[in-house]
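**Student:** Have a look at the structure that comes next, please.
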Amino acid sequence: MTPAPIIVSAAFGSADFAWLDGLRRAHFPPARNQIAAHLTLFHHLPPSLLDELTAQLGQMTRNVPRPAAAIGKPMLLGRGVAFRVHSDALVALRADLADAFHGVLTPQDRAGWRPHVTIQNKVDPAVAKALHGEIERDPQIARPLSIIGIATYFYRDGPWEPIACHRFAG
């Protein structure tokens, strides 16, 4: 099979995944929604890094407690809406990976990281603004977020092809 770029994403606990993915399916245009709800750490790592990345993620997750994380205020993306994600531990893990692979990161992956989960995109700005306002008024949106691991995928111009999920302890 042809080598493909690697995507690195946080893996959610099942209840949080169901909630976030349900929102994404409800608010993302169906024809454009090819992947489930996700929190991307890296958008494009070279496939030649797979063995080294797998080893790094194994060390970073094995016998390590799940990182504390929380859903924050919604972000208006112009043509969509995302939830901010707060997690000092996940930010530190991503920074360590970025240091390890700094020479091969794309400009997008070198840029500052804004952890978020997109639940709507590619809609009319008025539709996005309405959803943002609705979510912003919901007092139950801010909540803990369960991060159970770090997952890797191949990107082949469509749905992501799973490689592995490196689970945290607990």
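**Student:** In contact with a Lys or Arg (Cβ under 8 Å, 6 or more places away or on another chain), modelled with pLDDT of 95 or more and not in a loop (DSSP other than H, G, I, E, B): which single residue out of 7, 71 fits that description?
**Tutor:** Criteria check complete, one pass: 71.
**Student:** Does at least one position in the range 34-41 carry a residue that is surrounded by fewer than 19 Cβ atoms within 10 Å (Cβ to Cβ), in contact with a Leu (Cβ under 9 Å, 6 or more places away or on another chain) and closer than 20 Å to residue 155 by Cα?
**Tutor:** yes
**Student:** Working carefully through the options 88, 21, 51, 96, find the one that is among the acidic types (Asp, Glu), touching a strand residue (DSSP E or B) at 6+ places or on another chain (Cβ under 9 Å) and under 28 Å from residue 169 (Cα atoms).
**Tutor:** Of 88, 21, 51, 96, the one residue that is among the acidic types (Asp, Glu), touching a strand residue (DSSP E or B) at 6+ places or on another chain (Cβ under 9 Å) and under 28 Å from residue 169 (Cα atoms) is 21.
**Student:** Still on this structure, please answer the following. Inspect all residues belonging to the range 125-139 and state whether any of them is among the charged types (D, E, K, R) and in contact with a helix residue (DSSP H, G or I) (Cβ under 9 Å, 6 or more places away or on another chain).
**Tutor:** No, the range 125-139 contains no residue that is among the charged types (D, E, K, R) and in contact with a helix residue (DSSP H, G or I) (Cβ under 9 Å, 6 or more places away or on another chain).
**Student:** Given the criteria surrounded by 15 or more Cβ atoms within 10 Å (Cβ to Cβ), touching a strand residue (DSSP E or B) at 6+ places or on another chain (Cβ under 8 Å), over 21 Å from residue 103 (Cα atoms) and aliphatic (A, V, I, L, M), does residue 70 qualify?
**Tutor:** No; evaluated as a whole, the condition is false for this residue.
**Student:** When the range 43-93 is examined, which residues are found to be among the polar types (S, T, N, Q) and closer than 24 Å to residue 5 by Cβ? Explain how you work it out, then say what you get.
**Tutor:** Pass one, the range 43-93, residues among the polar types (S, T, N, Q): 48, 54, 56, 59, 61, 63, 87.
Within the range 43-93, 48, 54, 56, 59, 61 meet the criteria.
**Student:** Among 93, 97, 105, which is of a type outside the set (Ser, Thr, Tyr), more than 19 Å from residue 11 (Cβ to Cβ) and touching a residue at least 40 places away in the same chain (Cβ under 8 Å)?
**Tutor:** Of 93, 97, 105, the one residue that is of a type outside the set (Ser, Thr, Tyr), more than 19 Å from residue 11 (Cβ to Cβ) and touching a residue at least 40 places away in the same chain (Cβ under 8 Å) is 105.
**Student:** Next question, about the same structure. Restricting to the range 160-170, name every residue that is part of a strand (DSSP E or B) and either in contact (Cβ under 8 Å) with a residue 12 or more places away in the chain or aromatic (Phe, Trp, Tyr) (or both). Give the derivation first.
**Tutor:** At the first step, the residues of the range 160-170 found to be part of a strand (DSSP E or B) are 161-167, 169.
Result: 161, 163, 164, 165, 166, 167, 169.
The values are calculated or read from the model by the stated rules, or taken from the named source; none is laboratory data. Note that the structure is a prediction, hence the values are computed from the model and not measured. Cβ coordinates were reconstructed from backbone atoms using ideal geometry, including for glycine residues, and neighbour counts include every protein chain displayed.
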